[in-house]
Amino acid sequence: MHVELSRGWTIQEKRKRAIIKWLRQAATGYAFLSPWLVGFFVFTAGPILYSLYLSFTNDNMLQRPQWIGLANYQIALTESATFWHSMYDTLYYVMLSVPFNIILGILLAVLLNQKVRGQRIFRTIFYLPSVMSGVAISLLWLWILNPDFGLANVALATVGIHGPGWLTSQYWAKPALVLMGIWGVGGTMVIFLAGLQGISADLYDAAYVDGASALARFRHVTLPMLTPTIFFNLIMSVLGGFQVFTQAYVMTSGGPNNSTMFYAYYLFEKAFEDLQMGYASALAWILFIIVMAITLVLLRTSYRWVFYEAGDLLKK
């Protein structure tokens with residue numbers, strides 16, 4: 001016997017109406033999401049999964065791909081000297097650019113967080129390079145680093161220093177591209193600036209009352225409270241460093257003497273110049289595994305030095 005409700009509906013009827021209402025709301029939500037979902041599966045998830053399949057084939061974009069198993073991965077890891085050379089060049093770039101990017105970003109953010117006249121103008125000036133096109137920046141730095149009439153060597157000549165060949169020297173090409181990357185530190189700086197403005201002024205007041213100097217306040221208040229932002233920028237800088245491509249493509253074409261044969265450029269060369277799409281797909285997945293492993297290690301070790309006001313959220 002059904003239990004009657006105040007409106008004359010049984011419990012089963014009310015439950016059925018609730019389910020229908022929920023289904024209608026869900027259908028409406030997915031209808032609004034459908035353009036993004038279609039785009040994600042067609043243009044992102046689909047190509048990613050297809051590239052995984054291609055990494056096990058000998059696809060050359062001209063013939064039907066044939067399954068060859070792990071041969072592409074074996075060639076890359078055990079038979080290709082260029083693979084390891086490109087990995088070395090990329091790690092060299094990451095190991096130099098990431099620390100400079102983090103340290104300079106913090107210092108600029110601290111300076112631009114001071115209440116001085118023209119503060120917004122200075123922030124805009126330092127941030128502008130990070131929103132410029134990578135190709136435009138590369139062309140600009142081709143002129144700056146020109147060994148004959150470039151601004152860098154002209155500036156060095158004024159103090160009696162004979163500037164190097166920069167992009168024409170295999171010893172200076174990678175440091176030159178690292179220097180160029182540091183110039184675009186504005187994006188990192190803005191994130192650090194947001195982190196600084198999220199630090200409570202009460203902490204600085206308490207440290208000041210206790211007699212802490214400006215350097216002590218920076219060391220014992222600013223840096224610990226900024227560690228979540230440092231961690232975020234560290235992850236993003238590492239990801240960006242492993243994907244460096246535009247500078248090598250526009251400015252050096254991997255030279256001189258393959259000294260700027262970064263991993264992403266090597267992958268591009270194999271895919272679109274040599275048409276070895278299967279091998280290039282394997283290179284892409286190897287890079288994905290490497291970056292994922294580094295990210296997981298950073299996440300796993302972050303609880304040792306990243307401080308959250310709400311508690312140590314990463315210990316679990």
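The values are calculated or read from the model by the stated rules, or taken from the named source; none is laboratory data. Everything quoted here is computed from the prediction, not taken from an experiment. Cβ coordinates were reconstructed from backbone atoms using ideal geometry, including for glycine residues, and neighbour counts include every protein chain displayed.
Take the residues of segment 114-171 that are under 30 Å from Tyr204 (Cβ atoms) and polar (S, T, N, Q): which is surrounded by the fewest Cβ atoms within 10 Å (Cβ to Cβ)?
Per the criteria, the residue is Gln114.
Criterion first (more than 30 Å from Trp143 (Cβ to Cβ) and in the same structural domain as Lys174 (by TED's automatic domain parsing)) does Leu223 satisfy it?
For Leu223, the condition - more than 30 Å from Trp143 (Cβ to Cβ) and in the same structural domain as Lys174 (by TED's automatic domain parsing) - is met.
So for segment 145-164 (the condition being part of a helix (DSSP H, G or I), polar (S, T, N, Q) and closer than 26 Å to Leu239 by Cβ), does at least one residue qualify?
Looking through segment 145-164, none of the residues is part of a helix (DSSP H, G or I), polar (S, T, N, Q) and closer than 26 Å to Leu239 by Cβ.
If you check every pair at least six apart or on different chains, which have Cβ atoms under 8 Å apart with a residue in segment 1-24 that is surrounded by 11 or more Cβ atoms within 10 Å (Cβ to Cβ) first and a residue that is in a helix (DSSP H, G or I) and at pLDDT 80 or above second?
Note: pairs meeting the criteria are Trp9/Arg17.
If I ask for residues that are surrounded by 16 or more Cβ atoms within 10 Å (Cβ to Cβ) and either at pLDDT 95 or above or on the phi < 0 side of the Ramachandran plot (or both), which ones from segment 247-261 would you list?
Of everything in segment 247-261, those that are surrounded by 16 or more Cβ atoms within 10 Å (Cβ to Cβ) and either at pLDDT 95 or above or on the phi < 0 side of the Ramachandran plot (or both) turn out to be Gln247, Ala248, Tyr249, Val250, Met251, Thr252, Pro256, Ser259, Thr260, Met261.
Within segment 118-175, how many residues turn out to be touching a helix residue (DSSP H, G or I) at 6+ places or on another chain (Cβ under 6 Å) and basic (Lys, Arg)?
The number of residues fulfilling the criteria is 2.
For segment 115-144, which residues satisfy the criterion of being of a type in the set (Gly, Ala, Ser), within 19 Å of the chain's Cα centre (by Cα) and assigned to a helix (DSSP H, G or I)?
Across segment 115-144, the qualifying residues are Ser130, Gly134, Ser138.
Could you identify the single residue in Glu273, Glu309 that is loosely packed, with under 14 Cβ neighbours inside 10 Å and at pLDDT below 90?
Only one candidate qualifies: Glu309.
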